[in-house]
Amino acid sequence: MSRRITIYSLSLFVLSGCASWEEEHRQAVALAAAHQWNKTIEQHHTQPTASGPKWQLPTEQAEIYVDYLEQLQDPETLLQVADVQACSLNPLTRSFVIHQQSPELVERQRQKTAKTVNVEQRGDTVTIIFGDCQNGELNGPVTALFTDDYYSKTEYFSGETKISGRIDGFFKNGQLHGEARVISIDRSNLGGSWRESTTLKIGVFDNGAQVGSHVTITGEGETQVITVSQALQDNYVRMNSWMSGQPNTRFHMLNGEIEGWLEFASSVLKDEPQCYRQGEKQLAHVYCYQVAPQIEQLMPIEAAAELPRLSSFDGIDDKPVTAASATAAAAATEKASHNSKPTPSAKWRIPQIGKINWLSLPNYKQLNSARAADYMPRLQQILADNIVQYLTPTAGNSCVLDDDTKSYLLYQLNQTDYATKRAKQRQRGMVYSDGQPKLSVTKGTCENGNLIGEFVVTYTYPQKFEMSSYRTSPDIYGRIEGSFVDGKLHGEVLKTWLTQQQPGTMAPSEVTTSLSVYLNGLRDGDEIQVIAIPQSRSTRLIKVTPYPEQRELAEIWLNGKRQLSSMLRHGVNDGFVTYHDPSLNIPPQCFRDGVQQNDNDYCEQISVNN
């Protein structure tokens with residue numbers, strides 16, 4: 001009987017609620033389709049290609065180029081000139097000097113944008129500083145200055161653009177043939193007021209065609225955009241861009257037009273790729289699903305080793321350019337120029353960081369530390385200087401370091417204490433995953449896996465952190481200098497590191513620098529850390545004071561105001577946590593081994609003992 005009642009009631013539900021059931025069915029089908037779409041997009045978004053992972057610099061040469069351009073000091077001074085030579089160029093050569101392209105490609109691009117942008121050419125100039133100029137063509141090593149002035153008008157804005165630039169590179173029969181570097185300053189008033197930006201480019205050409213990886217950097221700091229173009233088979237070019245050090249877009253071009261997917265690295269936009277065919281955006285994505293697999297498997301076209309490189313072009317960074325430096329360029333010897341040669345000594349690149357000139361710190365007396373007057377000016381000076389250059393690894397000693405030495409360098413703890421700290425944090429739900437580090441010993445003596453005496457080491461490693469639903473995934477880039485005695489840190493230690501968060505993370509990127517003193521591997525006296533948070537222009541200061549039984553008191557200031565203090569042991573709260581902001585009105589809280597207590601007995605007891 002009960003079975004009949006169940007079936008009967010179900011039949012009534014289906015018959016009486018048919019419209020509702022159909023709507024639920026439709027929503028279920030749509031949800032399943034959306035899930036499959038998201039799964040497909042995610043696989044496409046993360047699937048490695050013939051040239052490696054999608055959202056990394058595609059080649060070692062690209063990394064070298066990025067490092068080289070980011071370290072180029074005051075590039076605008078290279079646009080000065082002292083001597084010139086008379087030279088009348090034909091249209092082909094003139095176009096390669098100004099645009100690094102043939103006149104046909106330049107005209108094709110202008111026609112493509114003519115529907116939306118009306119461009120009126122106001123004039124251009126080319127000044128040859130050095131080069132073999134005959135019959136309107138350039139050959140061999142060339143240094144030239146150029147200008148390009150035009151007026152643009154669209155439905156929404158209009159204005160003038162003035163470009164002044166310099167090219168150093170190798171030509172053959174009027175076309176670029178070999179490595180070339182371009183520096184240009186773009187001044188425009190398209191938005192109603194004059195604005196200026198600097199663009200740096202470098203790459204190799206073969207009879208006018210791009211080969212290998214080319215790098216373009218525009219702007220700096222938070223507005224910096226890095227674009228890497230990679231020549232592929234069948235006349236394709238792969239384009240990747242980074243904005244403010246973070247992956248941004250990825251797409252392919254065929255004959256100067258976007259072809260296939262335009263993808264976004266952002267966790268917000270990655271599920272909305274756009275599909276293009278011969279530069280035209282497609283409403284349906286069927287075409288891109290058809291062509292994408294073949295495009296992704298196209299192999300890069302490498303730059304031939306015999307093509308001339310800028311490392312043989314002496315004098316390209318002279319300021320200003322003189323006839324003497326041009327003569328040196330003519331020799332084109334194989335001797336490397338320290339200032340101009342992109343060298344592979346750096347093993348990794350540091351993300352770009354804007355100038356830090358907005359720190360807000362407490363006065364020295366508030367810190368109640370004998371070391372504040374010495375430490376604070378030094379820490380502020382480090383953050384005010386060029387952090388990217390400071391953290392960039394340089395050529396040094398080849399060292400194989402043991403695990404304890406690596407642990408001291410990365411975490412200022414020996415391997416055993418470091419493992420104990422991470423295990424205790426994991427027990428309390430704080431899960432750190434520290435990836436495999438890379439280290440470069442710039443200064444120091446290595447023996448049997450140990451560093452002896454004074455050292456300077458740069459390093460990088462990926463890290464993940466999870467605590468309940470809170471997650472971060474930074475890459476750490478750091479530099480530490482100090483001394484080792486008997487395999488342990490001993491003496492003053494200066495450490496600076498960038499915590500570069502990945503897209504979609506729940507925390508901002510930070511730059512931290514700290515000073516402390518160690519005796520036989522243990523911290524002795526106060527450590528002071530200054531943390532700059534560029535995204536919010538905030539400043540955090542932490543003073544860490546060691547106590548017996550491996551405890552330490554961390555006191556924290558935010559933008560000059562004291563926020564809280566906490567006693568810690570093995571990386572978890574073990575003692576009072578005190579909130580100093582009166583607006584919070586929170587009484588001190590007592591913790592034991594990372595667990596909050598119902599009373600203060602334990603904390604009062606250890607306070608007496610300490």
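The values are calculated or read from the model by the stated rules, or taken from the named source; none is laboratory data. None of these values were measured; they are calculated from a predicted model. With ideal geometry, Cβ positions are generated from the backbone for all residues, glycine too; neighbour counts draw on all protein chains shown. What goes into the accessible areas is simple: the full protein's heavy atoms, side chains included, and nothing from ligands, DNA or RNA. Shrake-Rupley method; radii C 1.70, N 1.55, O 1.52, S 1.80 Å.
When a 1.4 Å probe is rolled over the protein heavy atoms, the share of accessible surface on the stretch 71-294 that falls to carbon and sulfur comes to 48 percent.
Applying a 10 Å radius around every beta-carbon, put 118-128, 163-173, 484-494, 226-236 in order of their mean neighbour count, most first.
On the way: 118-128: 13.8, 163-173: 21.5, 484-494: 17.4, 226-236: 19.5.
Packing proxy ranking, top to bottom: 163-173, 226-236, 484-494, 118-128.
At R0 = 22 Å, how high is the FRET efficiency between residue 432 and residue 469 if r is their beta carbon distance? Nearest 0.05 is fine. Before the final figure, lay out the partial values.
Numbers: r = 16 Å, r/R0 = 0.74.
Step by step, r from the Cβ atoms, then E = 0.85.
Contact order normalised by length for the stretch 71-294, with contacts defined as Cα pairs under 8 Å and 6 or more residues apart; what percent is it?
Numbers: 497 pairs, mean separation 23.3, N = 224.
Computed over the stretch 71-294, the figure is 10 percent.
Remark: the stretch 71-294 carries 48 Å² of accessible area per residue (probe radius 1.4 Å; ligands, DNA and RNA excluded). Across the stretch 504-547, the mean sequence separation of Cα contacts (distance under 8 Å, 6 or more residues apart), normalised by length, yields a relative contact order of 34 percent.
To the nearest 20 debye, what is the magnitude of the charge dipole of the stretch 71-294 about its Cα centre, counting +1 on the Cβ of each Lys and Arg and -1 on the Cβ of each Asp and Glu?
Numbers: 19 positive and 27 negative charges, 73 e Å.
Computed about the Cα centre, the dipole is about 340 debye.
For the stretch 356-374 versus the stretch 540-610, the inter-centroid distance based on Cα atoms is 21 Å. The residues neighbouring residue 160, those whose beta-carbon lies less than 9 Å from its own, together hold a net charge of +2 under the Lys/Arg +1, Asp/Glu -1 convention. Counting only residues at least eight positions apart within a chain, or on another chain, the aspartates and glutamates with an alpha carbon under 18 Å from that of residue 112 are 104, 120, 155, 257, 259, 280.
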